[in-house]
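As structure tokens, the structure follows; a few thoughts come after it.
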Amino acid sequence: MIQLTDSQRALILLAVETGGHIENYPENLKGGARVSVMRGLLRSDLMAAEGASYALTDAGYEAVGQQRPTNAGTEAASDKPAAKPRERRENTRLDQVIALLKRPEGATIAQVMAATEWQQHSVRGFFAGTLKKKGYTVINEKTDKQDRVYRIQIEELNAGHDKE
């Protein structure tokens, strides 16, 4: 089961009360906190964008032990289709960079820049931020006068699977 923060739970329960749609937000949830809570719910497929609003998915109802209401005579429930979870896009820049870094020869910053059309500081930030948040360990090495080569450390990932 998905672990919800107190704010996520409160927002989902508020949406349940309003027919599964976000019509307003709790008073204590403003600004960046609101954005962070919504981003977490969207990433977990507990909410889905519906036009200019957001709607609970079936998983959102389940996360708080509720079921999606049926068309029990309410027009609002019958007019709106069930929100579908987002499908993961294929061949994103994240996927491209991870593939480059998993190669035995690794990749240089210049190679990642060419593949993604990012600037050097964006590539470095991606290594230090996004990949770290996704659980990858990026190692680098420099030999002689060649460019620094970056790789995703794979031994660490396989080490936990060897103990059976």
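The values are calculated or read from the model by the stated rules, or taken from the named source; none is laboratory data. As the structure is a prediction and not an experimental result, all values here were calculated from the model. When we count neighbours, we look across all protein chains shown, and the Cβ atoms used for this are built from the backbone with ideal geometry, even at glycine. Just the protein is used for accessible areas: all its heavy atoms, side chains included, with ligands, DNA and RNA removed. Shrake-Rupley method; radii C 1.70, N 1.55, O 1.52, S 1.80 Å.
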From DSSP H assignment alone, runs of 4+ in the chain each adding -39500 (n - 2.57), the sum over residues rounded to the nearest 500 puts [θ] at 222 nm at -10500 deg cm²/dmol
Quick calc, GLN96 & THR5: beta-carbon distance into FRET formula, R0 35 Å, rounding 0.05, result 0.65
In the chain the accessible area split gives carbon plus sulfur, as whole percent at 1.4 Å, a share of 47 percent
Stokes-Einstein D for the chain (25 °C, 0.890 mPa s, Kirkwood Rh from Cα pairs), in µm²/s, comes to 128 µm²/s
In Å², rounded to a whole number, the accessible area per residue of the chain with probe 1.4 Å is 70 Å²
Once the dipole of the chain is set up from charges on Cβ (+1 Lys and Arg, -1 Asp and Glu), the residue from the list GLY31, ALA107, ALA10 lying farthest towards its positive end is ALA107
With +1 on the Cβ of every Lys and Arg and -1 on the Cβ of every Asp and Glu, the dipole magnitude of the chain about its Cα centre, in debye rounded to the nearest 20, is 600 debye
Sorted on mean Cβ neighbours within 10 Å (highest first), peptides 136-145, 49-58, 115-124 come out as 49-58, 115-124, 136-145
